[in-house]
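So that we are looking at the same thing, I have put the structure below in structure tokens.
The values are calculated or read from the model by the stated rules, or taken from the named source; none is laboratory data. Computed from a prediction, not measured in an experiment: that's the story for all the values here. Methodologically, a virtual Cβ is constructed for each residue, glycine included, from the backbone with ideal geometry; neighbour enumeration extends over all protein chains shown.
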Amino acid sequence: MADDALGLGGPGGDDRHRFSTDEELVRGYGAGSPGAFDLLVRLHQRSVYRLCFRFVGNHEDACDLSQEVFLRAHCGLAHFKARSALSTWLYRIGVNVCLNRVGGRRPATEELQEETTEDPGAIDPAEWLTTQQRSDALRHAIARLPPRQRTVVILRVYQELPHQEIATIVGISVGAVKANLFHAMGNLRRLLGEGDGT
């Protein structure tokens with residue numbers, strides 16, 4: 001995605017060398033430094049866009065959601081306390097924005113059980129994750145997961161975030177992150193198996 005695809009970040013200038021860390025960037029923004037927020041957008045828009053795209057599955061909606069994430073970040077950055085990394089804070093905003101958007105149009109499906117049993121003959125979701133021609137089926141299966149399971153799968157598998165950071169973003173314990181990921185994989189096995197007619 002081009003740096004200006006979201007329509008939020010200005011053209012690349014000489015701002016980047018003025019801030020060597022996110023903390024300096026946030027301080028620069030708070031001090032009214034020109035271009036600080038545009039630079040923040042340019043540095044983080046790709047990862048925010050990827051997160052949004054994984055929730056909605058199309059470029060147009062992902063761009064709209066990304067803009068909303070950065071709009072909320074712009075409004076809230078003055079109150080950012082740096083108790084977590086800036087990227088973690090942006091991911092948290094992104095997850096909330098995406099869940100609010102997709103919550104009203106989740107595909108109709110039966111209630112998925114939180115407890116699943118391991119079936120050695122079941123499909124391994126990891127195999128599906130590496131098979132390009134099945135990506136649509138996987139995306140639809142992920143969309144059918146309960147919101148917290150869906151969020152954990154997207155953050156862990158696609159964004160490749162560590163369990164601790166996911167816990168901070170979602171507001172749960174590391175143990176709960178691991179449990180949600182385990183249950184999500186079980187549910188994906190079942191959903192992908194249904195898609196295969198097994």
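Filter the range 150-161 for residues that are crowded, with 18+ Cβ neighbours inside 10 Å and more than 13 Å from Val95 (Cβ to Cβ) and give the result.
Val157
Sticking with this structure for a sec: Among the residues that make up the range 37-44, is at least one of them of a type outside the set (Asp, Glu), under 16 Å from Leu155 (Cα atoms) and either under 14 Å from the mean Cα position of the chain (by Cα) or part of a helix (DSSP H, G or I) (or both)?
Yes, the range 37-44 contains at least one residue that is of a type outside the set (Asp, Glu), under 16 Å from Leu155 (Cα atoms) and either under 14 Å from the mean Cα position of the chain (by Cα) or part of a helix (DSSP H, G or I) (or both).
With Gln164, Gln133 as the choices, which residue is loosely packed, with under 15 Cβ neighbours inside 10 Å, polar (S, T, N, Q) and at pLDDT 95 or above?
Numbers: Gln133 fails: at pLDDT 95 or above.
Residue meeting the stated conditions: Gln164.
Working only within the range 68-88, note down all residues that are among the hydrophobic types (A, V, I, L, M, F, W, C), under 17 Å from the mean Cα position of the chain (by Cα) and either in a helix (DSSP H, G or I) or not assigned by TED's automatic domain parsing to the domain that holds Leu51 (or both).
Step one: filter the range 68-88 for residues among the hydrophobic types (A, V, I, L, M, F, W, C), giving 69-71, 73, 75, 77-78, 80, 82, 85-86.
Then keep just the ones that are under 17 Å from the mean Cα position of the chain (by Cα); that gives 69-71, 73, 85-86.
Val69, Phe70, Leu71, Ala73, Leu86 - these are the residues of the range 68-88 that are among the hydrophobic types (A, V, I, L, M, F, W, C), under 17 Å from the mean Cα position of the chain (by Cα) and either in a helix (DSSP H, G or I) or not assigned by TED's automatic domain parsing to the domain that holds Leu51 (or both).
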